[in-house]
Amino acid sequence: MVLDIDFVRAQFPAFAEPSLQGQAFFENAGGSYTCKPVIDRLFRYYTQRKVQPYAPYQASQLAGQEMDEARERMAAILGVEPDELSFGPSTSQNTYVLAQAVGAWMQPGEAIVVTNQDHEANTGVWRRLADRGIEVREWRVDPVTGHLDPNDLEPLLDDTVRLVCFPHCSNVVGEINPVTEITAMAHAAGAFVCVDGVSYAPHGFCDVGQMGPDIYLFSAYKTYGPHQGLMVVRRALGEMLPNQGHYFNAGSLYKRFTPAGPDHAQIAACAGMADYVDALCNHHGGPTGSGALRGAFVHDLMRAHEIALLQPLLDAVKDRNAVRLLGPSDATLRAPTVALALNRNAETVAAELADHGIMAGGGDFYALRPLQAMEVDIERGVLRLSFTHYTSQQELDQLVSALERVI
């Protein structure tokens, strides 16, 4: 099944916005355009439901119902129970709260495993547990390719390891890590697993229940939604970790890791992401079964379109003398997040691309550890070109043409 790109783009008001005409957006790894169902739900909530939810009057009842709907429908797509899904202000904040819980649960002398392929949000907070006497072991990337080899994890695992933290894919390397395989290795050693899905989720929601990690985190503002962090914490681990919320909410799994008052409107608007998945599934004649089944169908539609666009871009940059492509040159092995180390400042190059209608960014993207591990000049940074399924062939051609002129 081929993705109907015209139908897709019609779901995003940004593509009809006059001020954005002629501009091709290639900084999606930093945040995606928002789909219309999310915008519509957010507008409706702010105009009709902006009251304290769960009170007995109608507006309040509708407000609570929309929040519950978002949790139930997104949990179904992710293949988990509704109370295993929490919402928070950002993935970085959600990870911080989890680290406080894990730090209180673990004992000095026990160990966690982190990688140097991660965005700092999914490594820094875990590394700071060393201050509590927790041993931190680093699973390291190949310094040439940035590859995270599962074979290198095995020597790090023993009966003292309680948690293994790694990214579904890095925000600069882009290679897709085998979550199911790594999770099985960690579980066999008696460890729980935390996966940072922020850089993968924009390219299709995964059946987290089937993959098996105990924690899976991603950001709604990168998956066409509002600025919220979504966090799956499976029951076995969630009920074991100490409550981080109000003491009287300890019995509610999804409230245990939400110490601050949630953003009611943005949680409700997250149901718009499920609306969008349903719209794509129905338009393309997808299955009528469970949310996870429909989500998997849409995931595959998105990935097929992205891979078709990505391979020509990789081919255009991989052999250039002045360019170092980070991560695999095979589009099937990676997300369409392409980081290029250049022989000059990446932010300057991004500014030059803007003159050709290309919206991209340069810098370190909070990925200092993997860039340093691969001996990338941090002062120059990397040029990051990231897109998602709503990117068109015309925009990809515009990018390649601009790169020819600028690089």
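The values are calculated or read from the model by the stated rules, or taken from the named source; none is laboratory data. Everything quoted here is computed from the prediction, not taken from an experiment. Cβ placement follows ideal geometry from the backbone for every residue including glycine, while neighbour counts extend to all protein chains displayed. The area values use the complete protein model at the heavy-atom level, side chains included, leaving out ligands, DNA and RNA. Shrake-Rupley method; radii C 1.70, N 1.55, O 1.52, S 1.80 Å.
Overview of results
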read-out	value
Residue among Pro202, Gln93, Asn177 farthest towards the positive dipole end of the range 81-267, charges placed on Cβ	Gln93
Calculated [θ] (222 nm, deg cm²/dmol) that DSSP helices of n ≥ 4 give over the chain, each run adding -39,500 (n - 2.57)	-11500 deg cm²/dmol
Within the range 136-160, backbone nitrogen closer than 17 Å to the virtual label 7 Å beyond the Cα of Ser329 toward Cβ	144-147
Sulfur and carbon atoms: percent of accessible area, the chain [1.4 Å]	50
Stretchable slack from Ser60 to Ala351, in nm (0.36 nm times residue separation minus alpha-carbon distance)	100.0 nm
Cα-centred dipole magnitude for the chain, charges only on beta-carbon of K, R (+1) and D, E (-1), debye, nearest 20	880
Prolate/oblate/rounded label for the chain (Cα gyration tensor, a/c 1.5)	oblate
Asp315/Glu404 FRET efficiency (R0 22 Å; Cβ-Cβ; nearest 0.05)	0.95
Computed label-point distance, nm, for sites His227 and Gln372 using a 7 Å Cα→Cβ extension	2.8
Rg/Rh (Cα only; Kirkwood hydrodynamic radius) as it applies to the range 217-305	1.06
Surface per residue (accessible, 1.4 Å probe) for the range 81-267, Å²	35
Overall dimensions of the range 81-267 by Cα: Rg and Dmax, Å	15.6, 51
Principal axis box of the range 315-407, alpha-carbon based, largest edge first, Å	35, 30, 25
Total charge dipole magnitude, the range 81-267, about the Cα centre, Cβ charges on Lys, Arg, Asp, Glu only, Debye to nearest 20	600
5 angstrom amide H check on Leu163, placed H, neighbours 5+ away	Val113, Phe192
Where GluC sites (Glu not before Pro) fall in DSSP loop in the range 7-107, at most 12 other Cβ within 10 Å	none
The range 14-85: chymotrypsin sites (Phe, Trp or Tyr not before Pro) in DSSP coil with no more than 13 other Cβ atoms inside 10 Å	Tyr54, Tyr57
Distance (nanometres) between label positions extended 7 Å along Cα→Cβ at Gln394 and Arg9	0.5
Net lengthening on full extension, Glu154/Ala236 (0.36 nm per residue, minus Cα-Cα)	27.2 nm
nm² value of the averaged projected area, convex hull over the Cα atoms of the range 50-127	7.5
Trypsin sites (Lys or Arg not before Pro) restricted to DSSP loop in the range 320-368 with at most 16 other C-beta within 10 Å	Arg320, Arg344
Pairs of alpha carbons in the range 77-122 whose separation is greater than 15 Å (percent)	62
